[in-house]
Amino acid sequence: MLKDYFHLCKKSWDNFTKNTVLFIPYIIELFVSLFLLLMIIGAEIGIFYLLIGSLKGIESEIFKHPLTVIVFILLALIDIFILITITSFFRAMKIGMYREVITHRKTTISYMYYFGRKFFKRKLEISLIASLIFLLPLLLLAVIAGFFLFTYHPIGIILGIILAVIYALYFVIMGVIVYFGLFFVDPIIVSQEKSAIDLMAHSFRFMRENLSKVIITWAFIACFSLIISFVLYLFELPFNLLNFPQYELLILILLFSAEFIAKTTVNILIDLFFFNVYFKSK
């Protein structure tokens, strides 16, 4: 059985070497994300300056004011939504290209936008549902803790600690369930024309029926990721230990470029391995 997984590892490498175009979505995503990040930071700084101007006379309490807290929460939620939307579109683009590689052994740049549009809605809906599983309980517990903090300060602090522990336990338990339940959701998205809820249900059902396959695939990916992380650490170690102030900017650029290429390659190989395992089991 393990021999089959090693064979799929080799097949994933062959898929990658014949389709280096898979790098393109990652490069575009990097520049788009940096541009949007700068735009969002600039917009939020402007909003906070306007807020501070509207709350003159209470500068010492500005960050305790309910309006500031509400604006901060709203901005955080907007940031999360924008992040999920952007990553979902590029993820839809990538998984469409992976399907082409696995089923037709070849993909091209011309299909990137087509796949992004085709699978974006389902990927976004699944990502939002998965995020809400963690965000809604967090917001509910935060509102409860915040209410008691503003009304009964000592009780609020104690209750906040208790609720934080409860949420931490919830986060860990639900994190494991959602992670493994949606383990093969990406290849399922591109292989079935169903609603987001039906795709998620199918993913959980596939996990239950193929638990050993999920665990072995996860173990392969975890071991591979650890090995690559160790190799990258050894690669960066000389630059971290030695001091080259006159070449610091150049070294940072080279390290960032090398790390981006290495991590992108690893991500693509892992995704192709995911897809190869799933499509072989169909």
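The values are calculated or read from the model by the stated rules, or taken from the named source; none is laboratory data. Quick caveat: nothing in here was measured; it's all calculated off a predicted structure. Virtual Cβ from ideal backbone geometry, glycine too; neighbours counted across all protein chains shown.
For PHE148, all conditions in the list (1) hydrophobic (A, V, I, L, M, F, W, C); (2) out of contact with any Gly (no Cβ under 7 Å at 6 or more places or on another chain); (3) free of Cβ contacts under 8 Å to residues at least 60 places away in the same chain hold save one; what is the number of the exception?
(2)
Identify all residues within the stretch 158-206 that are in a helix (DSSP H, G or I) and acidic (Asp, Glu); write none if there are none.
Scanning the stretch 158-206 gives ASP186, ASP198.
Here is a yes/no grid of residues against (1) among the basic types (Lys, Arg); (2) at negative phi; (3) in contact with a strand residue (DSSP E or B) (Cβ under 6 Å, 6 or more places away or on another chain); (4) crowded, with 18+ Cβ neighbours inside 10 Å:
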| site | (1), (2), (3), (4) |
| --- | --- |
| ARG205 | yes, yes, no, no |
| LEU211 | no, yes, no, no |
| GLU248 | no, yes, no, no |
| LEU252 | no, yes, no, no |
| PHE274 | no, yes, no, yes |
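Kindly provide the set of residues from the stretch 9-24 that are touching a residue at least 40 places away in the same chain (Cβ under 8 Å) and more than 16 Å from PHE274 (Cβ to Cβ), ordered by number.
LYS18, VAL21, PHE23, ILE24
Being touching a helix residue (DSSP H, G or I) at 6+ places or on another chain (Cβ under 7 Å), more than 27 Å from MET97 (Cα to Cα) and not aromatic (Phe, Trp, Tyr): is that true of MET207 here?
No, not satisfied.
For the stretch 15-34, enumerate the residues that are surrounded by 12 or more Cβ atoms within 10 Å (Cβ to Cβ) and closer than 18 Å to ARG99 by Cβ.
ASN15, PHE16, LYS18, ASN19, VAL21, LEU22, PHE23, ILE24, PRO25, TYR26
When both residues are 6+ apart or on different chains and their Cβ atoms are under 9 Å apart, which pairs have a first residue that lies in the stretch 122-133 and is at negative phi, and a second that is of a type in the set (Lys, Arg)?
Close Cβ pairs satisfying both conditions: ARG122/LYS194; LYS123/ARG91; SER127/ARG91.
Looking at ILE215 and the list (1) modelled with pLDDT under 85; (2) surrounded by fewer than 16 Cβ atoms within 10 Å (Cβ to Cβ), which single condition is not satisfied?
Result: ILE215 fails condition (1) only.
Across the stretch 222-237, what is the total count of residues that are at pLDDT below 85 and either within 12 Å of ILE270 (Cα to Cα) or not in a helix (DSSP H, G or I) (or both)?
Looking only at that region, the number is 0.
Within the bounds of the stretch 169-181, is there any residue that is in contact with a Lys or Arg (Cβ under 7 Å, 6 or more places away or on another chain), at pLDDT 90 or above and closer than 20 Å to ILE133 by Cβ?
The answer is no, given that none of the residues of the stretch 169-181 is in contact with a Lys or Arg (Cβ under 7 Å, 6 or more places away or on another chain), at pLDDT 90 or above and closer than 20 Å to ILE133 by Cβ.
Just wondering, is there one or more residues in the stretch 154-163 that are touching a Leu at 6+ places or on another chain (Cβ under 7 Å), surrounded by 13 or more Cβ atoms within 10 Å (Cβ to Cβ) and not hydrophobic (A, V, I, L, M, F, W, C)?
Within the stretch 154-163, one or more residues are touching a Leu at 6+ places or on another chain (Cβ under 7 Å), surrounded by 13 or more Cβ atoms within 10 Å (Cβ to Cβ) and not hydrophobic (A, V, I, L, M, F, W, C).
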